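The values are calculated or read from the model by the stated rules, or taken from the named source; none is laboratory data. Values in this document were obtained by computation on a predicted structure and should not be read as measured data. For neighbour counting, all protein chains shown are included, and Cβ atoms are generated from backbone atoms with ideal geometry for every residue, glycine included. Side chains are part of the model used for accessible areas, which takes the heavy atoms of the whole protein and leaves out ligands, DNA and RNA. Shrake-Rupley method; radii C 1.70, N 1.55, O 1.52, S 1.80 Å.
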Amino acid sequence: VQLVGAGGGLVQPGGPLTPSCAASGFIFSSAAMSWYRQSPGSQRESVAAISRSGGGTDYANSVRSRFTISRDNAKNTVFLQMNSLKPEDTAVYYCNVSWTRDYWGQGTQVTVSS
């Protein structure tokens with residue numbers, strides 16, 4: 001199993017960013033996918049999750065209405081569209097799949113700063 005994150009970067013407060021995560025090594029369309037984040041000195045926290053088909057999603061209260069998780073099962077990729085970003089969204093963002101065990105991407109840094 002391999003999860004490769006991309007699309008992080010530096011963005012100003014209020015701006016958008018859409019990290020992605022390309023998956024391989026398992027049947028992508030048979031697995032729910034999740035995004036987590038971790039900022040310095042904090043525990044890793046769940047941000048968003050999406051069902052196998054993409055028809056069901058769930059969000060942390062802190063990002064609900066600002067973030068949208070989606071997936072493209074034809075391209076084995078999951079996305080996290082982030083809008084109205086705040087400095088407190090600054091963190092390393094990880095994609096995750098539970099497939100025999102938990103697998104994690106390498107993480108992509110998102111920094112929200114003016």
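Report yes if SER34 is out of contact with any Ser or Thr (no Cβ under 6 Å at 6 or more places or on another chain) and open to solvent by 30 Å² or more (accessible area, probe 1.4 Å), otherwise no.
Spelling it out, it is not the case that SER34 is out of contact with any Ser or Thr (no Cβ under 6 Å at 6 or more places or on another chain) and open to solvent by 30 Å² or more (accessible area, probe 1.4 Å).
Here is the figure for the stretch 1-31: residues that are surrounded by fewer than 13 Cβ atoms within 10 Å (Cβ to Cβ) and among the β-branched types (Val, Ile, Thr) total 1.
Can you say whether THR111 is without any contact (Cβ under 8 Å) to a residue 40 or more places away in the chain, in contact with a strand residue (DSSP E or B) (Cβ under 8 Å, 6 or more places away or on another chain), surrounded by 14 or more Cβ atoms within 10 Å (Cβ to Cβ) and farther than 20 Å from VAL1 by Cα, as far as the supplied structure shows?
For THR111, the condition - without any contact (Cβ under 8 Å) to a residue 40 or more places away in the chain, in contact with a strand residue (DSSP E or B) (Cβ under 8 Å, 6 or more places away or on another chain), surrounded by 14 or more Cβ atoms within 10 Å (Cβ to Cβ) and farther than 20 Å from VAL1 by Cα - is not met.
For the stretch 68-102, residues that are touching a strand residue (DSSP E or B) at 6+ places or on another chain (Cβ under 6 Å) and small (Gly, Ala, Ser) total 2.
Residues in the stretch 93-111 that are of a type in the set (Val, Ile, Thr) and in contact with a Ser or Thr (Cβ under 7 Å, 6 or more places away or on another chain): VAL110, THR111. Does GLN106 fit the bill of being more than 11 Å from the chain's Cα centre (by Cα), under 21 Å from LEU10 (Cβ atoms) and open to solvent by 30 Å² or more (accessible area, probe 1.4 Å)? Considered against the rule, which asks whether it is more than 11 Å from the chain's Cα centre (by Cα), under 21 Å from LEU10 (Cβ atoms) and open to solvent by 30 Å² or more (accessible area, probe 1.4 Å), GLN106 comes out as yes. Filtered by the rule that a residue be touching a strand residue (DSSP E or B) at 6+ places or on another chain (Cβ under 6 Å) and at positive phi, the stretch 2-25 gives GLY7, GLY25. A search for C-beta distances below 9 Å between a residue of the stretch 61-80 that is touching a residue at least 12 places away in the same chain (Cβ under 8 Å) and any residue that is exposed (fewer than 13 other Cβ atoms within 10 Å of the Cβ) and of a type in the set (Gly, Ala, Ser), counting only pairs 6+ apart in sequence or on different chains, returns ARG71/SER29; ARG71/SER53; ASN73/SER29; ASN73/SER53; ASN76/SER24; ASN76/SER29. Consider the stretch 37-54 and keep the residues that are small (Gly, Ala, Ser) and either more than 19 Å from TRP99 (Cβ to Cβ) or in contact with a strand residue (DSSP E or B) (Cβ under 8 Å, 6 or more places away or on another chain) (or both). The one that is surrounded by the fewest Cβ atoms within 10 Å (Cβ to Cβ) is GLY41. Would you confirm whether any residue within the stretch 66-88 is under 16 Å from LEU10 (Cβ atoms), out of contact with any Leu (no Cβ under 7 Å at 6 or more places or on another chain), part of a strand (DSSP E or B) and open to solvent by less than 70 Å² (accessible area, probe 1.4 Å)? No, the conditions are met nowhere in the stretch 66-88. Taking the criterion of being among the basic types (Lys, Arg) and modelled with pLDDT of 95 or more, the residues of the stretch 73-114 that qualify are LYS75, LYS86.
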